[in-house]
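Take a look at the structure set out below.
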Amino acid sequence: MRSLLISVDKFDAFTPHTNELLDIADVLLAQNWRVDVITSGAGKVLSTEIERLKATERFALVTDKQGEPETQYDVIWIYRGFFSNKLLDAIAAERLSGAMIFRHFNDYNDLYIPWGVALENQFAALTLDLSPRTSALLLQTGVESTQLKNLPWTVPASFSQYVRTRESSTLARAVYIAPKMSAEMYEVQQRAREAGIQIDWLDLNQQAQRIDPAWLEHYDVVIGNDDSVAKALTLGIPLFLVNEGYVEGYLNDANIARHEAEHFCALSLRNCPDADEWVEMLQSGYASALAWAQAQRADLAAKWSLETALDAIVNAPLVAKTRQLDEKSRYALNFHSKAVLAQQQTTDYSFTRWLEDRQISEARREALLTFARAYPDKASIGVIILGDSQASARTRASVESQSLAAVSIDVIADDAVWPAAANALLQVRSAEAMLLIPAGFTLRDDALLRFAEQRMNQQNAGLFYCDEMTRAENGEPLLILRPGVNIDLLRGVPYIGQTVLFAREIALQVGGFSSLYPHAAHIDLLWRFVEGQGAGAIGRVAEVLVENPHPVTHWSEAADVVAECEQALLAHLQRLGINAALEEGLTENIKRLRYQWEATPLVSIIIPTRDRFALLKRCIESLMEKTRYQRYELLIVDNQSVEEDACRFLNDLAALGLDQVRILRYDAPFNFAEINNAAAQQARGDVLVFLNNDCEIIDGHWLDALLEHTLRPEVGLVGARLEYQDGRIQHGGYLVGVQHGVDVAFDGADGQNNGFQNFLKTPRNLAAVSASCMMVRKEVFFSLNGFTQERYPLYFADVDLGLRAQQQGYLNVWTPYARVKHMGGATRLFGNKIGVQERPLLQDYTTLRGEWQQGLLNEPSYHPLMQKMGKAFTLSASIARLHQPLPGRPLPVVLAHHINWVGGGHHRVMQPFKALERHLMIEGGLTNTIPGLMEAAQMRPDVILLELITGSRFPDIMKQLRDVSGAKIVLEYDDYLLNVPMKNGNRQHFPPQMLKNFRKVMDCADWVVVSTAQLAEAYSRFHSDIRIAQNRLAPNQWDHLLSARGTGKKVRVGWAGGSSHTGDLEILLPLIKELEGQVEWVFMGMKPRNVLCEFHPGVPFEMYPEKLASLNLDLALVPLEINQFNECKSNLRLLEIGTCGVPIIATDIDPYRCNLPVTLVANRFKDWMNAIQTYIHDPALRERQGDALRAAVRSDWYLRDAGLDDWHHGWLPADR
């Protein structure tokens, strides 16, 4: 019997990994294989699948807690590079044999191989990629090409051989398969419903079972991407390809190959339609998409058959390589596996790249140093290094290499007496601020300068902490991004770390460092800063400024540190006169702080309800049966119930005449805010609880847990941990300043998850908590004027209330010790029945943003460099290159979006931005994605530049960006998009309804920037303010380049271009054949068929200038088809080749009539041939023309001096 061992990090949810795993297991078990799965743990969601597999008696599950792997397998299949300790033990002991296959999908772990590509090459008999795109990235990472094999998204026979029981003919029902239902998608769903199309949502984060063909065939269309494509098309169901707000439309012969090459990830989509256009595309293309899907079904089923693919893999001659697992290799694999389980890795974006992106430019460094000279008190920083001399030498070296010099550097080697020694230094040193840093830690570049910058920006703060990094054994950086100032979190976890900058004089005033706390004296100092000046005394520098040589928990979880932090906390509370005690918490090393009050106030629990008898009954019965705190009253507010059982239940309760239970009537349309406000007016208690009727009490201490925080005078609102029925987190508090303004934290997280920075295991402050279960003192509620019922009748009244409380100086608290089950909003589940929208609309977010604007950024539990539009608490690639304005905003701030990382993005956005920044004409940052609303709000730029924008949704996006930031919205175009030639490879990116959408987009711009006068004229009918910024070369990329001449046996004649130049290259084809024996043909980017030539594939743009120069051409040919699109193009290709000193023959067309010394010819064979023959027979002409062209380009066409004037004029308002 053949056998397979599959290693996967978690076997607890339906993910692409586990879906494929289950399909493979089914296929091989049917072929009489034995299949074992080794994983960290299995969850309830997959329990049915696991039992089904176990019933074959040839399946075993090995977890950390049960079972052991066999010693011999034919194949060992690795997902995500995950190796459990049991698997590592077996490999290290050489008691596990079998050929190892590494399966790669498309996330960070799959593409960047953080455990080390050398290890994979050593272990793997086969490496499986997902598509040509992932294959290229794996090869770039270093995977050996000989072991690489493609395994695309596949389907088992249950799909490929499924006999359909229904055939679609009209579009009535669609399913949207995605992990998130955005507000935009909800709007599409509403519009589709009006058009007679029902769009259901399959939430991939809440998926309870595998997608079954019998279920899927009941849909007329599948809307999705990735693995849903194969499932739909192999059933003959049209696939409407989308990626969040970006839409391709239906897959067909014209686009399937392009998207298959990217595993249908849809990341390259550019069309962003509004809801009406979305639905129109869905309707108008359906008939042809259906016919195509049905016609292609059999071919695609055969092509994507898992059985066929698997047979080719497991029956191939796989060699079990010798696996040497030394300690270093084991550590790398083990650490990576822990990181996967902790979900510390990001998607498609490495920590190394992020750190590089956060480095400040030379121009910004010089500007900050100028500020430092202007404000010497803020830049006056001394450094105290704590620890032994050998480690302190590394730290001192990092201090001495800083761009801002330290006023003083002192080393205190004796750990036991350092507080007293530090206090002595505070008396004699002259620096305004002192940086305390442990020996062995190192400061990153510009760390002191960035501390000084924040001392200028945060004038009231006296003590600062910063982010830090450490490294894995393999050198991979690991980041510790810290939340904002969060008093309740800090009372549970010393999350600020060991490196602090503090005002020397204030430290002396509050008593300096206490010798009682040799391991945590700076934490005690922090509490005394807070006692003297409030939470505003603490500042955060949201940048990675320090590298820690130890694991992140090395200090914070040390027994002495934990004990001293607890002692310092209790002393702090005692000084404040707060009666509190510590007891065991939810996780090791984090105690629960219990606030002790003698008061036992009456609590009024307000429960709005309409119908849904079963929900209400469970809510009330569980509350009355389990609640330990008995001083409460129930105010049940009936909002026009009509169902008989609900009415009877409410009437019976009312008839009982219980003083503890009152039935109130609200006889008006549903208004959540007004219902609760009205009930609060009738509450007898001093404390209010707002509780949804779909809640169930599961912990008798829930009310006590809320009350102990609510009675704190500094606290406004207190929220509970809301859970789904299966124990997963439903609501971990709100996060404001993300997505469209607000989102729910940790929705769907495993109930045992600690959360970011242990957020789910200890109380913390945040801007707002959910009114599904919220407690507040009545006096506070009324002082805030209750919920704002006019503006927030259904959604965000709780968010608004929390923001108002925070604005008034209150702390809002979320506590994990008040656990309540919550269905997730009965309104959402039964909204149609009671005539209430199921979830917030875009207008609801607009209202919230319009009122609160910058106030939405005051979120104490988040980090400004984390995702605002993607998954919360992960790194954001989109804002990594954005920097907050310099102190006082002395320069225009530009947020510049570039469409890609190739020529257009570089020449039209990135390089001009860097040149303007280098000359201190602008500041700001660059992003490769459309800026999120809250990203723009955080930066508040003067100008938002958007490159190559198309799509009917963009007018709304542009308006929203302008509203949240006050910025001017500027559009950038380098091509005439309304008439892209048929042979241009980019034509497919632009939808047929371009003209209508383009006009709308242009109407919403403040002005438009284009590259040529011809393009400005072509677009002049769409906008009155079109500015011209000509393409120019970046000196640092091009100025040093010079091609060698005469390196070939014959004259080297060449052409360079990509797929967008197919038609241009065709002009040369007759010439190429004619001259094949006379010259050495050199091509880069595209290779003509059946031509003997030297070919160079395209390279990333960062390498392109060097590569182009290294072709060492003696003559370059630059043909262009004659059409309106090309008439509007720029002379960029002449500049790139010309600056290398290569003479050029080019088509006689407007963009090339630019007074450069190039030879222009008509697109006739004779004219081209004569010009080429002249050059190849005259070396002196080639040299003379090449030198003249290079000199002209370097003189007039670089991004420097006067060459920046049109960019400055193009990008900035007239008054800047």
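The values are calculated or read from the model by the stated rules, or taken from the named source; none is laboratory data. Just so we're clear, the structure is a prediction, and the values are computed from it rather than from any experiment. Here Cβ is always computed from backbone atoms with ideal geometry, including for glycine, and neighbour counts include all displayed protein chains.
Selection within region 76-115: residues that are part of a loop (DSSP other than H, G, I, E, B) and among the aliphatic types (A, V, I, L, M). The member of this set that is farthest from Leu148 (Cα to Cα) is Ala93. Going by the conditions given, is Arg210 of a type in the set (Lys, Arg) and modelled with pLDDT under 90? For Arg210, the condition - of a type in the set (Lys, Arg) and modelled with pLDDT under 90 - is not met.
Among the residues of region 712-728, is there at least one that is in a helix (DSSP H, G or I) and either of a type in the set (D, E, K, R) or assigned by TED's automatic domain parsing to the domain that holds Thr609 (or both)? No, there is no match, as no residue in region 712-728 is in a helix (DSSP H, G or I) and either of a type in the set (D, E, K, R) or assigned by TED's automatic domain parsing to the domain that holds Thr609 (or both). What about Arg1184, is it loosely packed, with under 13 Cβ neighbours inside 10 Å and out of contact with any helix residue (DSSP H, G or I) (no Cβ under 7 Å at 6 or more places or on another chain)? Judged against the criteria, Arg1184 is not a match.
So if I check each of Ile76, Ile50, Ile91, which one is within 37 Å of the chain's Cα centre (by Cα) and more than 30 Å from Pro317 (Cα to Cα)? Even if it seems obvious, please write down each step before you answer.
On the way: Ile76 fails: more than 30 Å from Pro317 (Cα to Cα); Ile91 fails: more than 30 Å from Pro317 (Cα to Cα).
Only one candidate qualifies: Ile50.
Gln296 meets each of the listed conditions (1) of a type in the set (S, T, N, Q); (2) under 22 Å from Gln161 (Cβ atoms); (3) under 27 Å from the mean Cα position of the chain (by Cα) apart from (3).
Yes or no, residue by residue, for (1) surrounded by fewer than 24 Cβ atoms within 10 Å (Cβ to Cβ); (2) of a type in the set (Val, Ile, Thr); (3) under 17 Å from the mean Cα position of the chain (by Cα):
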{"residue": "Leu848", "(1), (2), (3)": "no, no, no"}
{"residue": "Gln867", "(1), (2), (3)": "yes, no, yes"}
{"residue": "Leu895", "(1), (2), (3)": "no, no, no"}
{"residue": "Met910", "(1), (2), (3)": "yes, no, no"}
{"residue": "Pro931", "(1), (2), (3)": "no, no, yes"}
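Can you find a residue in region 2-10 that is over 37 Å from the mean Cα position of the chain (by Cα) and not in a strand (DSSP E or B)? Scanning region 2-10 turns up at least one residue that is over 37 Å from the mean Cα position of the chain (by Cα) and not in a strand (DSSP E or B).
Tell me whether region 784-801 contains one or more residues that are modelled with pLDDT of 95 or more and within 25 Å of the chain's Cα centre (by Cα). Yes: region 784-801 contains one or more residues that are modelled with pLDDT of 95 or more and within 25 Å of the chain's Cα centre (by Cα). Looking at region 147-173 only, could you name the residues that are in a strand (DSSP E or B) and within 30 Å of Ala309 (Cα to Cα)? Passing the criteria: Leu148, Lys149, Asn150, Val155. Within region 637-670, the residues that satisfy the criterion of being among the basic types (Lys, Arg) and under 20 Å from Asn692 (Cβ atoms) are Arg662, Arg665. Within the set Arg953, Arg962, the sole residue that is charged (D, E, K, R), touching a Cys at 6+ places or on another chain (Cβ under 8 Å) and under 19 Å from Met869 (Cβ atoms) turns out to be Arg953.
Here the helices (runs of 4 or more DSSP H) wholly within region 185-266 that include at least 3 residues being more than 30 Å from Phe746 (Cα to Cα) are 228-233, 256-260. Can you find a residue in region 177-188 that is within 27 Å of Phe11 (Cβ to Cβ), surrounded by fewer than 22 Cβ atoms within 10 Å (Cβ to Cβ), touching a Lys or Arg at 6+ places or on another chain (Cβ under 8 Å) and not assigned by TED's automatic domain parsing to the domain that holds Glu723? Yes, region 177-188 contains a residue that is within 27 Å of Phe11 (Cβ to Cβ), surrounded by fewer than 22 Cβ atoms within 10 Å (Cβ to Cβ), touching a Lys or Arg at 6+ places or on another chain (Cβ under 8 Å) and not assigned by TED's automatic domain parsing to the domain that holds Glu723. The criterion of at least 2 residues that are farther than 30 Å from Ser392 by Cβ is met by the following helices (runs of 4 or more DSSP H) wholly inside region 538-653: 559-575, 613-626.
Looking across Leu1135, Leu1181, one residue alone is assigned to a helix (DSSP H, G or I) and under 43 Å from the mean Cα position of the chain (by Cα). It is Leu1135. Counted as qualifying within region 957-1028 are no strands (runs of 3 or more DSSP E), as none has 2 or more residues that are at pLDDT below 95 and more than 30 Å from Leu1135 (Cβ to Cβ). When region 760-802 is filtered for residues that are closer than 21 Å to Ile698 by Cα and assigned to a loop (DSSP other than H, G, I, E, B), the ones remaining, listed by number, are Leu760, Lys761, Thr762, Pro763, Val769, Ser770, Ala771, Ser772.
May I ask you to say which residue of Pro892, Pro887 is at negative phi and at pLDDT 95 or above?
Pro892
Out of all the residues in region 501-510, is one or more closer than 20 Å to Asn858 by Cβ and either at pLDDT below 95 or touching a strand residue (DSSP E or B) at 6+ places or on another chain (Cβ under 7 Å) (or both)? No: region 501-510 contains no residue that is closer than 20 Å to Asn858 by Cβ and either at pLDDT below 95 or touching a strand residue (DSSP E or B) at 6+ places or on another chain (Cβ under 7 Å) (or both). Of the set (1) modelled with pLDDT under 95; (2) among the polar types (S, T, N, Q); (3) in contact with a helix residue (DSSP H, G or I) (Cβ under 8 Å, 6 or more places away or on another chain), all apply to Ser389 but (3).
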